[in-house]
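What follows is a set of notes on a single structure, which appears directly below.
The values are calculated or read from the model by the stated rules, or taken from the named source; none is laboratory data. Bear in mind that the values here come from a model prediction, so they are computed numbers and not experimental data. Here the Cβ is made from the backbone with ideal geometry for all residues, glycine too, and neighbour counts use every protein chain on show. Each accessible area value is taken on the protein alone, full model and side chains, heavy atoms only, with ligands, DNA and RNA left out. Shrake-Rupley method; radii C 1.70, N 1.55, O 1.52, S 1.80 Å.
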Amino acid sequence: MNTLTVLSVWVLTAAGIQLGTLWIMKLSILPMLNTLPYDRYVTVCQLIDMHVFHPIAVWSGVLAAGLGVWAAVLSGSALVSTFFVIGSVGMVVVGIASEGFNRPIWRQIEQWSPRRVAERWNRKRYHWHIAHQVRTYAAITAVAAYVVALLAQA
């Protein structure tokens, strides 16, 4: 097994795990949250401890993007390199959406009172939802590109 194969499997695994967590949120957690009235929405969100998940997800994504670029350099094939770069760009988009939009809003929700409706909470919830869609589809793009990069090596 060579370095490129190890990098390929690592970035695909990291992107796949990231996609899995985002997909679960998209299909089950967010629809449930979005049906809740304000007080229960805030209470449930505050019960979800994201302080461990966020750093792991961010650094896994950053590492995957960096290793994907390294794999692109090592590949020696324009086609394989292109797909590694596309996958890495997808992972960077996941990180930007997460750290630039989702995480800051989540940190605000952690401070909200279930008894006093936060200013523009519906708008923030909508923005959080849109950013989550962006990062989920960016993760799909990353996984697909890394799969093609891995298969194109054969």
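Name the residues in the stretch 104-119 that are in a helix (DSSP H, G or I) and basic (Lys, Arg), would you? Talk me through it step by step, then tell me what you get.
The initial filter retains those residues of the stretch 104-119 that are in a helix (DSSP H, G or I), namely 104-109.
Passing the criteria: only ARG107.
Against the definition (without any contact (Cβ under 8 Å) to a residue 12 or more places away in the chain and in contact with a helix residue (DSSP H, G or I) (Cβ under 9 Å, 6 or more places away or on another chain)), how does VAL42 come out, yes or no?
Values: without any contact (Cβ under 8 Å) to a residue 12 or more places away in the chain: no; in contact with a helix residue (DSSP H, G or I) (Cβ under 9 Å, 6 or more places away or on another chain): yes.
The answer is no for VAL42.
Identify all residues within the stretch 119-143 that are more than 14 Å from the chain's Cα centre (by Cα), without any contact (Cβ under 8 Å) to a residue 60 or more places away in the chain and surrounded by 12 or more Cβ atoms within 10 Å (Cβ to Cβ); write none if there are none. Show your work before the answer.
Narrowing the stretch 119-143 to residues more than 14 Å from the chain's Cα centre (by Cα): 119-127.
Cutting the leftovers down to without any contact (Cβ under 8 Å) to a residue 60 or more places away in the chain gives us 119-120, 122-124, 126-127.
Result: LYS124, TYR126, HIS127.
Among the residues of the stretch 48-103, which ones are outside any helix (DSSP H, G or I), open to solvent by 70 Å² or more (accessible area, probe 1.4 Å) and on the phi < 0 side of the Ramachandran plot? Full working, then the answer.
Start the filter on the stretch 48-103 by keeping residues that are outside any helix (DSSP H, G or I), which leaves 48-52, 76-77.
Going one step further and asking which of them are open to solvent by 70 Å² or more (accessible area, probe 1.4 Å), we end up with 49, 51-52, 76.
Residues satisfying the conditions are ASP49, HIS51, VAL52.
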- Scanning the stretch 1-44 for residues that are surrounded by fewer than 13 Cβ atoms within 10 Å (Cβ to Cβ), in a loop (DSSP other than H, G, I, E, B) and aliphatic (A, V, I, L, M) gives MET1
- Message: Please determine whether any residue of the stretch 87-108 is β-branched (Val, Ile, Thr) and under 16 Å from THR5 (Cα atoms).
- Response: no
